[in-house]
1. Taking R0 as 30 Å, what FRET efficiency do you get between LEU124 and TYR206 from their Cβ-Cβ distance, rounded to the nearest 0.05?
2. Can you give me the angle between helix 3-15 and the longest principal axis of the chain, using Cα atoms only, in degrees from 0 to 90, rounded to the nearest 10?
3. Counting alpha carbon pairs within less than 8 Å and at least 6 residues apart, what relative contact order, in whole percent, applies to the chain?
4. Between ASN249 and VAL179, what FRET efficiency follows from the Cβ-Cβ distance if R0 is 25 Å, with the result rounded to 0.05?
5. Obtain the nm distance between the two label points defined at ASN188 and LEU131 by a simple spin-label model: each point lies 7 Å from its Cα along the Cα-to-C-beta direction.
6. Measuring from label point to label point, each 7 Å out along Cα→Cβ, what is the GLN74 to TYR222 span in nm?
7. I need the phi-derived Karplus couplings for the range 53-59: 6.51 cos²θ - 1.76 cosθ + 1.60, θ = phi - 60°, integer Hz, Gly and Pro marked x.
8. Ranking GLU71, GLU203 by Cβ neighbours within 10 Å, fewest first, what do you get?
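Quick note: the coordinates plus some simple rules give every number you see, no bench work behind them. Since this is a predicted model, take the numbers as computed values, not measurements. Glycine also receives a Cβ, built like all others from the backbone with ideal geometry; neighbour counts cover every protein chain displayed.
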Amino acid sequence: MTIKKTLIWVFLMALGFPSLACDICGCGVGSYYIGILPEYNKRFLGLRYQYKSLRTHLGPQGERTPLTADETYQSAELWGGWNFGKNFRVLAFVPYNFNQRKSQEANGTKNGMGDIAVMGYYNLFNHTGTLGEKLLVQSLWVGAGIKVPTGKYEPAERLAVQESPNNFQLGTASTDFTVNAAYDIRYNDLGLNLNANYKINTENQYAYRYGNKFTANALVYYKFRIAHTVTIAPNAGLLYETADKDVENKKYMVDVSGGYSLSAVAGLEVAMKGLSVGANYQNVRSQDLAGGRAYAGNRLMVHMSIPF
């Protein structure tokens with residue numbers, strides 16, 4: 001199979017995943033964007049910062065009303081990865097969230113621990129060869145994970161905002177599960193990175209279940225190597241998220257939930273001996289969230305990590 005056919009096949013496979021999802025795509029609780037992992041052989045530990053915004057309580061046609069609220073979701077996240085031999089990998093995420101809401105009626109904030117997630121991967125194949133006279137490297141990791149309800153969930157928040165997404169929470173109060181896949185192919189220094197994550201949510205003790213969530217991204221990158229000590233990898237691509245509606249009391253669909261968003265992503269990864277840093281900007285190009293009653297803004301993520 002030629003490299004062109006391989007790239008087309010993998011891209012179609014990623015975008016053809018089932019389109020179901022959870023909270024308003026990427027904002028509030030439960031975002032699992034991974035992107036390009038930092039370079040490491042055995043282990044890494046680091047910090048990630050994410051900034052997202054969401055406009056809620058919009059009118060039936062998406063217009064602002066006296067009840068419209070501007071919300072921001074920031075998180076400082078301890079994250080790490082550990083390779084066990086050549087075939088097993090574990091990633092862990094421990095977030096601390098900073099939520100803020102502003103409206104004509106009132107302002108509010110919520111700060112605290114979010115929901116901790118752990119994902120395990122198995123290496124289905126890892127191949128290094130040549131195509132023509134240049135290096136061709138491929139790897140495929142698949143696995144599953146679990147998210148535990150360590151973040152605070154306030155049921156009164158849901159009762160107070162019936163016409164707004166149930167997003168302004170630190171956690172979901174539910175134990176949820178993920179199925180994950182990560183594929184990377186590199187032709188010399190030009191590569192394609194694909195990630196897919198499908199999150200299966202359970203009902204919490206307050207009879208509320210966030211819809212299942214699917215996230216996928218495709219990023220093209222190029223590695224510039226400087227003096228064999230620094231690698232700079234600009235990257236660009238797409239991030240797609242889609243959402244099923246939430247469910248209350250096992251049978252009532254929540255109208256102001258669900259939807260999809262498609263974002264253009266541009267970023268930069270820098271790896272040097274003993275330190276990796278990176279950043280990306282996600283520009284929302286298309287969306288339909290909560291039946292038009294919510295509108296997501298652009299997002300920013302920066303991270304640093306130390307391999308050891």
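1. Calculated transfer efficiency: 0.15.
2. Roughly 20 degrees, rounded to the nearest 10.
3. Computed value for the chain: 21 percent relative contact order.
4. 0.40
5. About 1.2 nm, to one decimal.
6. Going by the 7 Å Cα→Cβ label model, 3.5 nm.
7. 9, 8, 9, 10, 6, 6, x
8. Details: GLU71 26, GLU203 15.
So the residues, fewest neighbours to most, are GLU203, GLU71.
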